[in-house]
Amino acid sequence: DTKLTGGYGFNDKHWYYTSSVSLPIDRREKFRVGIGYSRELLRRDNASAFRQNLVTATSLIFGNDYGDYYYNTGLSLESSYSWGQLRFLGRDQFIRPSSFTLRYTSADQQSAATSEYFHLFPRRDSQRVNPPISPGRMISLSGELLLDYSPLRRISRRGLQIAYEIADSDVFGGDFSYENCNIVTGK
């Protein structure tokens, strides 16, 4: 799979792009390796708290965007193994219900300023400022286990996603040290 997307931010006058290549290394396409490079405007807040449609509507109407944004420019390398019967996801895409992915990420992160150009009912007295981040290079190693689960689309009523990420400035270099573990179960 090869993906290339791009765009231009009129507000901050930056080009954004994401490019990635993922190749199977066996005949049944269970083992894959991939590489990606991107310059993105990402959200660091919980995207489930305020859905993207709600953020877009409040930004258009009142000028306040409730996403916490930052610039992320960097490289990612990954390898994965998947198992189980192939299932149709949509538009010539098939996935296996279970997989394990190991990913290395190295990226420069910078604060993003926000000031909306157009909104229907401006309220200058309550304009929300995007919170700054600690700028620097983030180098992390992460693993993700999906058991009968897909973050893209529900493929079963049960399922489990376990994701773990570690960044240690003493071991990997970089400017940040942290650990993050997320567990999501099917409903």
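Numbers at a glance
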item: Only Lys, Arg (+1) and Asp, Glu (-1) charged, at Cβ; the chain dipole about Cα centre in debye; result: 920
item: Residue-averaged 222 nm ellipticity for the chain, from DSSP H runs of 4+ at -39500 (n - 2.57), nearest 500; result: -2000 deg cm²/dmol
item: The chain - accessible surface per residue (Å², probe 1.4 Å); result: 66
item: Where trypsin sites (Lys or Arg not before Pro) fall in DSSP loop in the range 1-110, at most 16 other Cβ within 10 Å; result: K13, R27, R28, K30, R44, R51, R91
item: Per-selection Rg to Rh, the range 1-98 - Cα, Kirkwood hydrodynamic radius; result: 1.07
item: Angle between the chain longest axis and helix 52-62 axis [Cα atoms, degrees, rounded to 10]; result: 10
item: Listed residues A113, A163, A57, most fluctuating in the chain (Gaussian network, C-alpha, under 10 Å); result: A57
item: Positive-end extreme of charge dipole, the chain - chosen from Y164, Q52, S106 (charges on Cβ); result: Q52
item: For Y149, distant residues with modelled amide H under 5 Å away; result: L160
item: Area projected by the alpha carbon convex hull of the chain, averaged over all directions, nm²; result: 12.5
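The values are calculated or read from the model by the stated rules, or taken from the named source; none is laboratory data. For clarity, every value in this text was computed on a predicted model and none was experimentally measured. For neighbour counting, all protein chains shown are included, and Cβ atoms are generated from backbone atoms with ideal geometry for every residue, glycine included. SASA here: full protein model, heavy atoms, side chains in, ligands and nucleic acids out. Shrake-Rupley method; radii C 1.70, N 1.55, O 1.52, S 1.80 Å.
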